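> Quick one: structure below, then a few questions.
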Ligand SMILES: Nc1ncnc2c1ncn2[C@@H]1O[C@H](COP(=O)(O)OP(=O)(O)O)[C@@H](O)[C@H]1O
Ligand SMILES: [Mg+2]
C-alpha cells in the first residue's frame, strides 16, 4: 500500500513533503511574482524567480548524481556532461526560434554559422526548429551517451577510481570538442541571444515564472521517480551492487546491467535538468562541460547527504546559495570555501546535513524519552519510532540510505 | 560423456596458475548427483580457488569443468553459472550489510534476474512462504527486520546459507561455514547442512575435523592444488601423506 508506506517511515514522509512543497512552489511563486503588486511584502521579484529556478535545475542534477553515486556506488565525475548535452539540445531549439531576428537576419542559419560563412544548416541541426524534436533529443542524447559509455565501462568491470576518472575524461573530451567552431555548436561562445520559447518571450516575467514552475514540477517528478526506483526490488539491488558487487553477481544478478540502467536513467534526468536550465539563464556554452562543474555536483550531493533523496536537493540549494553570496562578496575565496566544505563534510558529516539533522533529532528524542521515563508498557513503541540504522554515524563507505519499511 | 553422465560436478585435469604459481595442479574431482563431499587440506591448498573455478570467477588454464553432466562451466560467467543452479557461500561471510535479513533473502530468491521484473516486483504469497521457511530453518526468525550488519558472525554465516537455500541451487559450494562459530553453533550447522544434503548436492570445505566427522561423508584432501587422498574420513585421516602435510602439524 502506497499510502501505508507514507506513514510507515520518516524517510518516506520527508520525500512526500518535498514533493508537496515543490508542487506548492510551482503554483505559489508565479502567483506571488505576477499577481501580487511589487509594493507588497509578499511580492517575489523576477530575479529571485529566475535564481531559484536555476537552483532547482541544479538540485535535479544533484538528485540524478545521487541515484548512481549514493545508491549504486558509481561516483560519476562527469555528470555535468549530461546536463550540458540536455542544455545544448534545448539551446539549439531556442537558436532556431530566433529565425530572421538575428544580427544577420538569416531565417535559417543561426548567427554564428553566418559568421563562419556556412551556406547551409548542418544535418544535426535539422528538426530542432520543432519543440517536440528538441524535447526528444534532450532525453535521447544524454541517455544514449550514458548507455553507450556504461555498456563498455560496466561490462569491462571498470569500477571505483578508474571509473570516476573516465567519466571525468568524458566530460573533458566533450568540453574540448564543443569549444571547436567547426563542431557546429557555436564554439567558445556557445548558444545565446535567445528570443522565444514555444512562442513566448524568454525574457518576460510570465515566461520566467512558467519556467520556474516547470522546473519545480520536473524536480517533483524526478523525486517521485527516484523514490519509486529506490524503494523497489531494483533499488535494493542497486544498494547491493554498491555494497557487495561480487555477492550480487554470485546470486545470478548482473551488476553491469543494474548499473547501466541506473546510469542511463540518471543521465536522462540530468539532461532534462540542463534543458530547463538553459532558457532560464539564457546561454549554454562549453564551460558547462568543465570538469570542475561535475565535481561541484559531487560536493552538493555530499553536503546534503548522499544515499538520501531529499539530501542532494538541500545540498544543491544550500551550496549554491552560499556560492551566490561568496562570489558576490569574496569572489577569490569561493573555490577554497568549496574545497574546505567538501573536506569537512567528508570528515565530519559522512551522511551530510540530512544525516546530521537525523542524529540531532534522535539525540533530543532520546533525551526526552529518558526525561519522561515512560511506563514500561510504552517503551517498545518509542524504540520502534527511531530507525536503528540512523542511530550511529557511519563511515563514507557504509553510508546507508534511509531504512525501508518491510513491504 | 560416459563418465560424466551421473555427475553433478566433474573436474578433470584442471590447472590454474597465478603469476607462474600453480594454485591448482591437474585437479580431478567428481561429485555424484545428490552427494555431499567434505574437502579438507592445509591453507593455500587451492580449495577456495577450486570454488572460484567452478563458479566462473577464475578461468582454468587447462582441464575440463562440467556441471550436471553436460554444461561446460568454463564457457559461462558468474551470473550464468549462478542461475544455472550453483550457489556459493564465501569463506568470509558475505551478506548485504545495508539490507535487512529479510531483504537479503528476497534478493536471493530464485526467479527472474532481469531489470524490469525487479523494478515492478511485488512479493507473492509463495515468496513470503519461502522466506518464512528459510528464516525458520536458519533460526533467524527474530532477526527478520534487523540490518544484516547487526548480526553476529555465526548468524551471518547462517544468513548466507539461507541465501543459498533461497536460490534453490542444484549444487551448493560451502566454504568454511563454521569458522568462528561456537561448538553449539557448529553442531547446529552440521545438522543444517546434513538436512540440506538430503535434497541437494553439496561440497563443504572445512578445517574443523569434529565438524567433518559430524557430516559423515566422503572426504577429499587437497594439497598443493591436487587431490592427495580421498575416501572415508578414517581412511583419509590415517593416510600417512595426509598426516604429514596436514594433520600431523
Ligand atoms: N587471485 C589470485 N591471485 C594470486 N594468487 C592467488 C589468487 N587466488 C588464490 N591464490 C593463491 O592460490 C593458493 C591457493 O589459495 P586458496 O585457494 O585460497 O587456498 P585455500 O582456500 O585452500 O586455503 C594460495 O597460495 C593463494 O595465495
Ligand atoms: Mg580458502
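What follows draws every value from the coordinates through simple rules; no lab data is involved. What you see is a predicted model; the values in this text were computed from it and never measured. Every residue, glycine as well, gets a Cβ built from its backbone with ideal geometry; the counts of neighbours run over all protein chains shown.
> Would you please report the Å³ per residue occupied by the convex hull of the alpha carbon atoms in chain A?
Looking at chain A, the number lands at 176 Å³ per residue.
> At a Förster distance of 30 Å, what's the computed FRET efficiency of residue A:321 paired with residue A:118, Cβ-Cβ distance as r, to 0.05?
0.10
> Let me ask something else about it. What ranking, highest mean first, results for peptides A:312-322, A:204-214 when packing means the other Cβ atoms within 10 Å averaged over each residue?
A:312-322, A:204-214
> If packing is taken as the average number of other Cβ atoms within 10 Å across a peptide's residues, how do A:36-43, B:176-183, A:72-79 rank, most packed first?
Answer by packing, highest mean first, reads A:72-79, B:176-183, A:36-43.
> Using only Cα atoms, tell me the angle between helix B:153-167 and the longest principal axis of chain B; keep it within 0 to 90° and round to the nearest 10.
Its long axis makes an angle of about 80 degrees.
> Please tell me the relative contact order of chain A in percent, rounded to the nearest whole number, where contacts are Cα pairs under 8 Å and at least six residues apart.
It comes to 28 percent, rounded to a whole number.
> Rounded to the nearest 0.05, what FRET efficiency do residue B:198 and residue A:135 give with R0 = 51 Å and r taken as the Cβ-Cβ distance? Could you check?
So the FRET efficiency works out to roughly 0.25.
> If you don't mind, another one. Fewest to most neighbouring Cβ within 10 Å: what's the order for A:57, A:344?
If I rank by nearby Cβ atoms, fewest first, I get A:344, A:57.
> Going from the alpha-carbon gyration tensor of region B:1-130, what semi-axes, largest first and in whole Å, does one get by taking the root of 5 times each eigenvalue?
Ellipsoid semi-axes (Å, largest first): 31, 18, 14.
> In a GNM of chain B with a 10 Å cut-off on Cα contacts, which of B:37, B:88, B:113 has the highest mean-square fluctuation?
Largest GNM mean-square fluctuation: B:113.
> Can you put A:172, A:88 in order, fewest other beta carbons within 10 Å first?
Result, fewest neighbours first: A:172, A:88.
> Calculated FRET efficiency, residue A:337 and residue A:371, Cβ-Cβ r, R0 35 Å, to nearest 0.05?
0.35
> Moving to a separate point now. Rounded to the nearest 500, what is the protein assembly as shown's calculated 222 nm mean residue ellipticity when only DSSP H runs of at least 4 contribute -39500 (n - 2.57) each, over all residues?
About -18000 deg cm²/dmol.
> Between A:256, A:120, A:362, where does the largest GNM mean-square fluctuation fall for chain A, given springs only between Cα atoms within less than 10 Å?
Among A:256, A:120, A:362, the largest mean-square fluctuation in the Gaussian network model of chain A belongs to A:120.
> Can I ask one more? Name the shape class, rounded, prolate or oblate, that the alpha-carbon gyration tensor gives for region A:16-175, where a ≥ b ≥ c are the square roots of its eigenvalues, rounded holds for a/c under 1.5, and otherwise prolate holds if a/b is larger than b/c and oblate otherwise.
Because a/c hits 1.5 or more and a/b fails to exceed b/c, region A:16-175 counts as oblate.
> Which of A:333, A:63, A:145 moves the most in a Gaussian network model of chain A with Cα springs under 10 Å?
A:333
> Moving on to the next point. How far is helix B:125-137 tilted off the main Cα axis of chain B, in degrees rounded to 10, range 0 to 90?
Value to nearest ten degrees: 50.
> Specify the inter-centroid distance of region A:161-232 and region A:300-317, based on alpha-carbon positions, in whole Å.
19 Å
> Enter the angle in degrees (range 0 to 90, nearest 10) between the Cα long axis of helix A:352-372 and the first principal axis of the Cα atoms of chain A, meaning the one along which they spread out most.
30 degrees
> Just rank B:239, B:175, B:146, fewest to most, by other beta-carbon atoms within 10 angstrom.
So the ranking, lowest neighbour count to highest, is B:146, B:239, B:175.
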